[in-house]
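Remarks on the structure that follows.
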Amino acid sequence: MTLALPSLPKSVFSSLARQVHSALLPGLIVLLSLAPFGTAAPSQYEPESIPLVDLTQPDLARLNFRGSVGNLVPSGETTALELTFGSEQSWPNIQFVAGKAFTVTDWSEMDMLAVTISNQDENSLRIGLRVDPVADEAGKVKHRQGLATLSPGEQATLVLVFSDGVFPGMRGQPRHLLGDRDAHVLATWGTATREEISSFQLFMSKQTKPRTIRIHSIELLKLDPGAIPPFVDRFGQYTEEEWPGKLHDTAEFATRLTEEEVDLATTPKLPGRSIYGGWADGPRLEATGRFRVQKYEGKWWFVDPEGRLFWSSGVTGLVPASGGPTKGRDHLFAWLPEAGDPLAAFYRRGKNIDFFRMNLHRKYGPGFEAAFADIATRRMVSWGFNTIGNWSHKTTWQLKRVPYTIPIHYRCPGFKLTWNPRKPKYFADVFSPVFAETIGKSLEGLAEFRDDPWLLGVFIDNELTWNWALATGILEANGETETQKRAVAFLREKHGTVDKLNEAWGTTVTDWDTARKGIKLSPAQKKKAGADLTAVCGLVAEQYFRVCREQMNEHMPGCLYLGSRFSSFLGPVVAAAGKRCDAVCFNIYKDLPDQKNADELAEELDFPMIIGEYHFGALDRGMLHTGLRPAKDQQDRAAKFAAYLETASQAPWCVGAHWFQFRDQALTGRGDGENYNIGFVTITDTPYPEMRAAARRVNAPLYQRRLTGRPGKED
């Protein structure tokens, strides 16, 4: 999942919401870390510590107060820096600059930056910690940062772990790294190196009034990973904490299954629903035997095969797997199956262990895959969901209990986009005939589902790069792709001569042949070329969505085309999608589905929109990362989920929203390090009761709420 977080005007979604949560720093991702629900007895050890900033020195001119003020105050037997963040600046902060505030700039031998602070305010405060190394050769600063929330009067150590530090490959780090010390180990984002640090800062988002904290110490810490005992138990759970619902013995699986069967039998499905989950008690439109879209009384809807109004409330990732790598990390696990152990079958692709799959086997026996599909789909119906979202196992589709969506992914010749060197993305050569052939062959593989009335629609691709990085990637190519040739031809048609192009962009391209061999733009040149870069993206989008639509018509006639799941986008790109897609999909990770411009574009261009991903996570049940939208605890997570779905379901152009994802991720991280608490069920296949209750509560009155704009009574 990727995010674009621009500064946006008030949206129509906002009028539906009574609460707008704090925006994030534009262009950056910051995540929340909270104290655990309860702790087991943590191991006692002290990390090596190097004091970084001397807070007893009275010379405060060495510190950069930006939208903040500070002074030294007594604190026990020493002093602390009392810092007040002002309310005028968008991101008030205090910056510590190398050479002025501290002299140790090579942190390569250290693992963490630790800042001990106390909240002097009467309210909880979200405090950010950010580290900036010196700029690289391209002038980019690859920062690393995170956020923590401190309660009124709370004193704690904010710990920022470097990405290549103690436990590489884990976006959320273990909370017990400092033993019994009260620490917030930040869930962080960014790729800062440690060799040459230029500055670090403490910051807040814009405040309504001044907020005060005290900084008690700033230090660098080094840990010996070998001295830290394993923290993953035989069920894939965190060993260092206890929480409601934690599994302690395999015998508990049977007990929990019995209890859940009673729950499912008590609430098998919501009343007033059609066989497909449409509104059986609502208006009846034309029945075509397939899903379709239609505007009814000023609002866009899906219409189910029986002609019933249908709003898609779904969950992605109904699949019996949630593994992660163990290579080089065996010491993190208190137990792993040895060779010859039947449970060693749950190693995947060599050294990837899948505790979720293993727990399904323990719970349901050898036929666990079929059992999972059965109970997962029964849960969906019982909890009020009517759509199986992206990346779900086809066994859940084949049961024909819940409408489903199908994702299409493919390999096709194209070019590499290197705006993120750690994770380069690829984009197909959409003007090449090979692209159409590839999409067609991928769709041919869905022949068994083509005529299935339970198929809601098809997604092609996921979170492609639809911004200037796409255009610059095309123009930097070496002229061997049809897309690059077409882009240069477009620029030649617009500007006429290379001299006019150079004048507009500030470039020194010698001729059009040189342009076809690749144009590399500096940041300043990109800004000047912005209108052209946007137009190139629009040109590519027109071709991309046209080809996908044509291939859908040929190979999946009658099936809905739901787009490419935007996470970043430009106006012309969305316009191209709106012309070709039956509904346009956006992945919107916000506290509420506003502030993203997607809703405004949908209203302006008058097309139906579906939200392909959203989620919230918390750290009170043994997980180490909140995911992209943090919550205080499971109750707050459930409340945020309900508020999001309520808001989305009332928007006139929104026809559905799908939660990402069904189960939690592996504690030590999947292949890319994500280890988020984002599931409706835990790694032991135990439903989160707060989320289950919220789903039933918010889904029950969905149709009356959407049609009338009021919650009304449960259907």
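The values are calculated or read from the model by the stated rules, or taken from the named source; none is laboratory data. Just so we're clear, the structure is a prediction, and the values are computed from it rather than from any experiment. Note that each Cβ is placed from the backbone with ideal geometry, even for glycine, and that neighbours are counted across all protein chains shown.
What to note about this one:
- Any hit, the stretch 276-295, residues being aromatic (Phe, Trp, Tyr), crowded, with 16+ Cβ neighbours inside 10 Å, touching a strand residue (DSSP E or B) at 6+ places or on another chain (Cβ under 7 Å) and under 22 Å from Ala371 (Cα atoms): yes
- Hits in the stretch 540-563 - residues which are more than 18 Å from Arg292 (Cα to Cα) and among the small types (Gly, Ala, Ser): Ala541
- Close Cβ contacts (under 7 Å, 6 or more residues apart or on different chains) running from residues in the stretch 695-715 that are within 19 Å of Pro283 (Cβ to Cβ) to residues that are modelled with pLDDT of 95 or more and of a type in the set (Phe, Trp, Tyr) comprise Leu702/Trp311; Tyr703/Trp279; Tyr703/Trp311; Arg706/Trp311; Asp715/Tyr703.
- Matching residues in the stretch 645-672 - criterion: being of a type outside the set (A, V, I, L, M, F, W, C), out of contact with any His (no Cβ under 9 Å at 6 or more places or on another chain) and either closer than 20 Å to Pro244 by Cα or not in a strand (DSSP E or B) (or both): Glu646, Thr647, Ser649, Gln650, Pro652, Arg663, Asp664, Thr668, Arg670, Gly671, Asp672
- Test: residue in the stretch 461-468 that is within 30 Å of Ile275 (Cα to Cα) and either touching a Ser or Thr at 6+ places or on another chain (Cβ under 9 Å) or surrounded by fewer than 21 Cβ atoms within 10 Å (Cβ to Cβ) (or both): yes
- Filtered residues of the stretch 260-275 (kept if buried (at least 18 other Cβ atoms within 10 Å of the Cβ) and either touching an Asp or Glu at 6+ places or on another chain (Cβ under 7 Å) or modelled with pLDDT under 95 (or both)): Leu270, Ser274
- Note on the stretch 54-126: enclosed strands (runs of 3 or more DSSP E) holding 1 or more residues that are out of contact with any Pro (no Cβ under 8 Å at 6 or more places or on another chain), more than 30 Å from Asp224 (Cβ to Cβ) and hydroxyl-bearing (Ser, Thr, Tyr) are 68-75, 78-85.
- Residues satisfying the stated conditions in the stretch 172-205, i.e. hydrophobic (A, V, I, L, M, F, W, C), part of a strand (DSSP E or B) and at pLDDT 85 or above: Ile197, Phe200, Leu202, Phe203
- Criterion applied to Gly236, Gly245 was being on the phi > 0 side of the Ramachandran plot, touching a Leu at 6+ places or on another chain (Cβ under 7 Å) and assigned to a loop (DSSP other than H, G, I, E, B), and the one residue passing it is Gly236.
- A single entry from Pro701, Pro689, Pro711 fulfils the requirement of being surrounded by fewer than 23 Cβ atoms within 10 Å (Cβ to Cβ) and modelled with pLDDT under 95: Pro711.
- Residue match in the stretch 5-25 (condition: surrounded by 14 or more Cβ atoms within 10 Å (Cβ to Cβ), assigned to a loop (DSSP other than H, G, I, E, B), hydroxyl-bearing (Ser, Thr, Tyr) and at pLDDT below 50): yes
- Search result, residues across the stretch 499-525 that are surrounded by fewer than 18 Cβ atoms within 10 Å (Cβ to Cβ) and basic (Lys, Arg): Lys500, Lys517, Lys520
- Every residue from the stretch 675-704 that is assigned to a helix (DSSP H, G or I) and out of contact with any Asp or Glu (no Cβ under 7 Å at 6 or more places or on another chain): Pro689, Glu690, Met691, Arg692, Ala693, Ala694, Ala695, Arg696, Arg697, Asn699, Leu702
- Among the helices (runs of 4 or more DSSP H) confined to the stretch 336-398, the ones with at least 2 residues that are in contact with a Leu (Cβ under 8 Å, 6 or more places away or on another chain) and either among the aliphatic types (A, V, I, L, M) or surrounded by fewer than 17 Cβ atoms within 10 Å (Cβ to Cβ) (or both) are located at 368-382.
- From Pro342, Pro305, Pro325, residue being free of Cβ contacts under 8 Å to residues at least 40 places away in the same chain and not aliphatic (A, V, I, L, M): Pro342
- Exclusive hit being modelled with pLDDT of 95 or more and buried (at least 23 other Cβ atoms within 10 Å of the Cβ), set Ala648, Ala631: Ala648
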